[in-house]
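The values are calculated or read from the model by the stated rules, or taken from the named source; none is laboratory data. Predicted model, so just to flag it, every value in this text is computed and none were measured. So basically every Cβ, Gly included, is an ideal-geometry build from the backbone, and we count neighbours across all protein chains shown. Accessible surface is based on the protein model in full, side chains and every heavy atom, while ligands, DNA and RNA are left aside. Shrake-Rupley method; radii C 1.70, N 1.55, O 1.52, S 1.80 Å.
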Amino acid sequence: MEETTKRELVLHVNGERRSIVARQAETLLFVLRDGLGLTGAKPGCLNGDCGACTVLVDGTPIKSCMMLAIETVGKEITTIEGLDDAPIQHAFVRHFSFQCGYCTPGFIMNAHALIERHPNADEAAIQEWLESNICRCTSYQEIEAAVKEVLEAKKAAPTDP
Amino acid sequence: MVPFDFAYYRPQSIAEATALFTALERDGKRPLYYGGGTEIITLSRLNLVRTAAVIDIKAIPECRTLDVGNDSLVLGAALSLTELEEANLFPLLTKAAREVADRTARNQITLGGNICGQIFYRETALPLFVAEADVIIAGPYGIRQCRFNDWFHQQLQLGRGEFVVQFKVDRAATALPHFHRKRRKQGEVGYPLVTIAALKKDGTVRVALSGVCPFPFRSAEVEAHVNDRSRPVGERIQAAVDAFPRPILHDIEGSADYRLFVAAQLLEDMLRELGDGETV
Ligand SMILES: Cc1cc2nc3c(=O)[nH]c(=O)nc-3n(C[C@H](O)[C@H](O)[C@H](O)COP(=O)(O)OP(=O)(O)OC[C@H]3O[C@@H](n4cnc5c(N)ncnc54)[C@H](O)[C@@H]3O)c2cc1C
């Protein structure tokens, strides 16, 4: 049978084709950070609880500490480095939705997906989605305000992203 | 981070998956079937899981089925909990699924993984117990369909090399009056103190619980007490709680006494909501 250890993987990250040799057992988080130098996704609990490592895989938020890099071959990965002036980034700045900033990339990726997928998200949906991420400086209210502002703006100008 | 190496396989068919398992097992790799991978990865980091090969079942079409037939609903074991919620074809299962972990984690956690995992709450088993679902299991000796309740004793009794392909639920059962409640120690995300799921069919309540014992259960004795209309509701509930299997969980999330207290309250809420609590 095929031997374990390393394999060449071709990943599509932030619109670029990146090839990398990685262990088959390596998590997406580790490959992004240590293999590709994309350190935006943060290692937090490494246990699927905190959400600091959230990235998008085909537009869906995923905790990259508990997905293997090899599973994402053929899929489109978006990290915080791949967001370019997304409305939620500006809203975070306007509302000062962070203190230390460690959890911020994870929150932004999750919130960005919510806004893209569910522009009509109601209060319950916003809460359900945001519960996937933990902020220890407790900027929760400011984060929620930022998300709501972007959703409102999107509703007011539906064609303008 | 996984502190050891394993090989990753992604078979395209059931036959390929079981053949791979047999070959890898023969080579001493102790293979694991891989659904969402969330438990395999997180427990590997803690050295609570060890394997030299994983067999991802997400590319097997049967494991990804979501099909509404005339009589039954077929749910592939590799559907994510989010996919089940969004399809919402079995409302009681939707309610159970959306209380597991958190939204982002549910994009990855699969139905089969939740039911077959080591983390013993296995909350999506509850709707399958009370709907009397069938389970379709594949293994080196072929495919079998059996009653989920007959093969689940604390955990699903799978033979070496077997994996769950699908669950089949009677469509009539998916439309029955139901009740679901999850109580945690605190907050809206986390493991249960007690989770209860119930259906009412032909005037009889079927009920299943997680979080009370280190395994989810449905018990004929418990249900007999719950449905014994010759006695006042308070007595029925007390007798039901006394008949719970043992041991009762007693840990940092909640003492055994507190869990039983919460379970009794939830049984009362259940009877009231299902229109059976006239003398509460
Ligand atoms: C952050 C987090 C929070 C959680 N919260 C809850 C909760 O609130 N309630 C709850 O009930 N659970 C909870 N869990 C437990 C979770 O549901 C299980 O760990 C589940 O196993 C994860 O599913 P998976 O598809 O990722 O499994 P995997 O990691 O792929 O597999 C887990 C185990 O199941 C086996 N397996 C997977 N699919 C199959 C199949 N089709 N047939 C046979 N065996 C199979 C694997 O071999 C492995 O042993 C939580 C887990 C995490 C990571």
message: Whether any residue in the range B:103-124 is of a type in the set (D, E, K, R), open to solvent by less than 40 Å² (accessible area, probe 1.4 Å) and more than 10 Å from the ligand (Cβ to nearest atom) is what I want to check.
response: yes
- prompt: What helices (runs of 4 or more DSSP H), lying completely within the range A:70-161, carry at least 3 residues that are open to solvent by 60 Å² or more (accessible area, probe 1.4 Å) and within 14 Å of chain B (Cβ to nearest Cβ)?
  reply: A:123-130
- request: Determine which member of the set B:Val74, B:Val54 is within 10 Å of the ligand (Cβ to nearest atom), not in a helix (DSSP H, G or I) and not charged (D, E, K, R).
  value: B:Val54
task: Tally the residues that are at positive phi and either without any contact (Cβ under 8 Å) to a residue 24 or more places away in the chain or not in a loop (DSSP other than H, G, I, E, B) (or both), restricting the search to the range B:1-44.
output: 1
message: Please determine whether any residue of the range A:39-57 is open to solvent by less than 10 Å² (accessible area, probe 1.4 Å) and within 16 Å of B:Arg10 (Cβ to Cβ).
response: no
query: Could you say whether any residue in the range B:37-51 is within 11 Å of the ligand (Cβ to nearest atom) and farther than 26 Å from A:Ser132 by Cβ?
result: yes
message: Against the condition outside any loop (DSSP other than H, G, I, E, B) and either in contact (Cβ under 8 Å) with a residue 60 or more places away in the chain or outside the structural domain of B:Val169 (by TED's automatic domain parsing) (or both), how does B:Leu84 come out, does it pass?
response: no
query: For the range B:86-102, how many residues are more than 9 Å from the ligand (Cβ to nearest atom) and farther than 30 Å from B:Asp202 by Cα?
result: 0
- prompt: Of the residues in the range B:2-31, how many are open to solvent by 20 Å² or more (accessible area, probe 1.4 Å), within 11 Å of another protein chain (Cβ to nearest Cβ) and within 22 Å of A:Gly74 (Cα to Cα)?
  reply: 2
